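Only one structure is covered here, and it is reproduced in the block below.
Read the figures in this text as sums done on the coordinates, not as results from a lab. All values reported here derive from a predicted model rather than from experimental measurement. Glycine gets a Cβ as well: all are built from the backbone with ideal geometry, and neighbour counts include every protein chain shown.
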Amino acid sequence: MSEEQKQGRTVVVTGANRGIGRAIAERFVADGFRVAGIARSDDLPEGVFFAHADMTDTTSVDAAFTAIEEHQGPTEVLVANAGITKDTLLMRMTDEEFTDVVDVNLTGVFRCVRRATKGMIRKRTGRIIMISSVVGLYGSPGQVNYAATKSGLVGMARSITRELGARGITANVVAPGFIDTAMTAELPEATQEKYLASIPAGRFGATDEIADAVAFLADAGYVSGAVIPVDGGLGMGH
Ligand code: NDP
């Protein structure tokens, strides 16, 4: 897509205040898109319109999209990035630790997608990009809740592809491996070293490398239902 065509396209990034979401929002600003960030705090990159919402609350998600539409028009590209972990071994995992992660990572994405597609269907164009994880298809001890939500996004994207593909809407999943952010910094050092040893690239990824894949999918009109790994080879074959 030419720079001229990109100008004015509208993007919404959830969790744009830090980590991977922030890098994605910055990338779209640099590429000349009109960018809104849905977040719980207004610490967003320069040039990003702030709309407050908590992913667990349908009313606030719907209101955020309405505010964004009033500011920059219907959403053409949705990047569903906000996500949490509550890691613990299966036998110790409480119902709350399971359902809290589902509420943000899976139901939260559903809430955003349902609201954003209204305008996409009317315009007969849209790009839905969900940030999953390598562990969605690879599995990970201590992450039964998290991995279940991240693989759930694959089913969601593929069902949207079948339901809305003929209306010019694509839905894809980006599956990052270990990326240098607050989420991975929280992992015990021994766990980080173990993962490092199993990554063919021999390093963790950078947030910009996820933004590259997202930018590609925002342009691609004939890629849908795909899972794009950005993991240094960690999950290959899964
Ligand atoms: P961070 O923990 O740095 O950021 C998470 C983002 O999600 C924050 O903006 C946070 O907002 C937001 N968020 C969490 N809960 C809610 C909620 N209830 N309502 C609104 N926003 C919420 O994570 P990363 O940047 O590392 O991860 C971003 C995405 O990438 C996640 O989906 C994660 O699962 C995925 N991922 C990350 C990997 C990594 O190595 N870092 C690897 C694979 C996937 P707030 O600041 O308000 O908490």
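By the rule of a C-alpha distance below 18 Å, with chain neighbours fewer than 8 residues away ignored, the aspartates and glutamates paired with Lys118 are Asp62, Glu69, Glu70, Glu76, Glu163. Hydrophobic long helices, here whole DSSP H runs in the chain with Kyte-Doolittle means of at least -0.5 and Cα atoms spread over 20 Å or more along the helix axis, are found at 58-72, 108-123, 144-164.
Relative to one another, the C-alpha centroids of region 183-212 and region 3-69 are positioned 26 Å apart. For an R0 of 35 angstrom, estimate the FRET efficiency from the Cβ-Cβ distance between Arg124 and Ala63 and round to the nearest 0.05. Efficiency computed from Cβ-Cβ geometry: 0.85.
Each residue in Leu196, Leu164, Leu44 was given a count of other beta-carbon atoms within 10 angstrom of its own, and listing them fewest first yields Leu196, Leu164, Leu44. Charged side chains reduced to their Cβ positions (Lys and Arg at +1, Asp and Glu at -1) give the chain a dipole of some 960 debye around its Cα centre.
In summary, the aspartates and glutamates within cross-link reach of Lys194, defined as a Cα separation below 20 angstrom excluding same-chain residues under 8 places away, comprise Asp87, Asp180, Glu186, Asp231. With the convex hull of its Cα atoms as the shape, region 1-151 has an orientation-averaged projected area of 9.2 nm². Annotation: extensible slack from Glu193 through His238 equals 14.0 nm (criterion: 0.36 nm per residue apart, minus Cα-Cα distance). Taken along the Cα-to-beta-carbon direction at a fixed 7 Å, the label points for Ser159 and Arg114 span 1.1 nm.
Residues of region 53-91 falling in the label zone of Arg18, defined by backbone nitrogen less than 14 Å from a point 7 Å along Cα to beta-carbon, are 82-85.
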